[in-house]
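Read the structure below first, then the notes.
The values are calculated or read from the model by the stated rules, or taken from the named source; none is laboratory data. Quantities reported herein were computed from a predicted structural model and do not represent experimental measurements. Here the Cβ positions follow ideal geometry from the backbone for every residue, glycine too, while neighbour counts run over all protein chains shown.
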Amino acid sequence: MFDFVLKIALLGASVSMIGFLYRLIKGPSVPDRVIALDAMGINLIAIVALASIVMDTGAYLEAILLLGILSFIGTVAFAKFLEKGEIIEDDRNR
Amino acid sequence: MSFQILLNVILAVTWMFLKNEFDGSTFIIGYVLGLCIMFVFRRFFKDRFYLNRVIAVFRLLLLFARELISSNISVLKIVLKPKLDMRPGIFAFETVLRKDWEITVLSNLITLTPGTLVVDISADNRILYIHAMDIADKADAVHSIKHTFEKAIMEVSK
Amino acid sequence: MTAIVEILSALFLLMGVFLFLVSAFGIIRLPDVYTRNHAASKSSTLGILFILIGTLLYFFHEHGHVDFRIVLAILFIFMTSPVAGHLINRSAYHSGVKMWDRSVQDDLKKGR
């Protein structure tokens, strides 16, 4: 019973991943793609959590933390780049 | 002063979480490491924090969780409706909060409220520009922001 | 007892996956960046919250102790997700992405 639920959940996560991938490839503007990329990062966290249940090990839980941090930093860097044209501003002596 | 002590305890607890060991020695190691980090960042601290704020913070967190769930239900309804008949728009909202962290918390809460999302803040930190999924319930959103969130945040900061 | 925990955990996982599917559907279907961001930044947050709670319950009843790395992940995602959504929205507005042509109001344009 629980294995069946796990399979359904993994299937659903993969299908939504395909949806995000569609928007990532097609998206008319760059912010569309960044949104899709951010959502894909969060979806990847879900898939890692489900995989760690399937394999019955807690070893992948650090990967969840790292993926969360990396996807957030990637989104922030992209947003800043889109807005200002550079990621690390040199405005210390303004 | 007490704020810095609390921050130090939080750093120590985070260290315990990361190690996944919960005994006294881990706490002490985390406390010392947190002390080192706070020593490096010491010029960013101002003296603030009183202990009776903790309860207000917890109430704010509870509000946060409740709003997240209700916002999801309303977005779900709009997404799953067979016809896309919402009327999105950006409206201006004037806030009475002044400190930077208060405005940060307020905009985080607004972002998690039903169908509203902060787009920008005016240069003098007075007006929040909020994108609403459906401009028809703008009055509702403004009312809930004014009477729930701003009040809860002021409870914490007063 | 174990059956109850297992059913609860399965329920949380299914709800989380359902929210992910809705979020993907919304991202495909909604007309412009700003409305898509609503779907992405909210449904995904609650979805990952449910899935991580389900994982927490499963490990709790399998290994007998709460794994605090998952709690840490939940807290972190809760704090960062609205910030990320706001930043993308703002950069989209400032880089001049058009709003949907049925949008009715734009106070930000008046304000500057």
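Just a few scattered comments:
- Total residues in the stretch B:88-127, condition among the hydrophobic types (A, V, I, L, M, F, W, C) and under 15 Å from the mean Cα position of the chain (by Cα): 10
- Given (1) at pLDDT 80 or above; (2) under 29 Å from C:Leu19 (Cα atoms); (3) surrounded by fewer than 20 Cβ atoms within 10 Å (Cβ to Cβ), number of the condition B:Val57 does not satisfy: (1)
- When every residue of the stretch B:129-137 is checked against the conditions, none turns out to be touching a Pro at 6+ places or on another chain (Cβ under 9 Å), of a type in the set (Val, Ile, Thr) and without any contact (Cβ under 8 Å) to a residue 24 or more places away in the chain.
- Within the stretch B:128-138, the set of residues being surrounded by 14 or more Cβ atoms within 10 Å (Cβ to Cβ) and more than 20 Å from the chain's Cα centre (by Cα) comprises B:Met133, B:Asp134, B:Ile135, B:Asp137, B:Lys138.
- Identity of the residue in the stretch B:7-54, at pLDDT below 80 and of a type in the set (Val, Ile, Thr), that ends up farthest from A:Leu65 (Cα to Cα): B:Val54
- Test: residue in the stretch B:77-85 that is more than 9 Å from every other protein chain (Cβ to nearest Cβ), part of a helix (DSSP H, G or I) and out of contact with any His (no Cβ under 8 Å at 6 or more places or on another chain): yes
- Residue match in the stretch A:35-52 (condition: of a type in the set (Val, Ile, Thr), farther than 30 Å from C:Leu8 by Cα and touching a helix residue (DSSP H, G or I) at 6+ places or on another chain (Cβ under 6 Å)): yes
- Restricting attention to the stretch A:20-48 and to residues that are among the small types (Gly, Ala, Ser) and more than 13 Å from the chain's Cα centre (by Cα), the residue that is farthest from C:Leu30 (Cα to Cα) turns out to be A:Ser29.
- Sole exception among (1) within 30 Å of A:Gly58 (Cα to Cα); (2) among the hydrophobic types (A, V, I, L, M, F, W, C); (3) buried (at least 18 other Cβ atoms within 10 Å of the Cβ) for C:Val33, by number: (1)
- In the stretch A:42-67, the residues that are farther than 13 Å from C:Gly47 by Cβ and in a helix (DSSP H, G or I): A:Val48, A:Ala51, A:Ser52, A:Ile53, A:Val54, A:Leu61, A:Glu62, A:Ala63, A:Ile64, A:Leu65, A:Leu66, A:Leu67
- Residue match in the stretch B:98-117 (condition: touching a residue at least 12 places away in the same chain (Cβ under 8 Å), over 22 Å from C:Phe78 (Cα atoms) and within 13 Å of chain C (Cβ to nearest Cβ)): no
- Boolean, A:Lys7 is farther than 21 Å from C:Leu52 by Cα, assigned to a helix (DSSP H, G or I) and without any contact (Cβ under 8 Å) to a residue 12 or more places away in the chain: no
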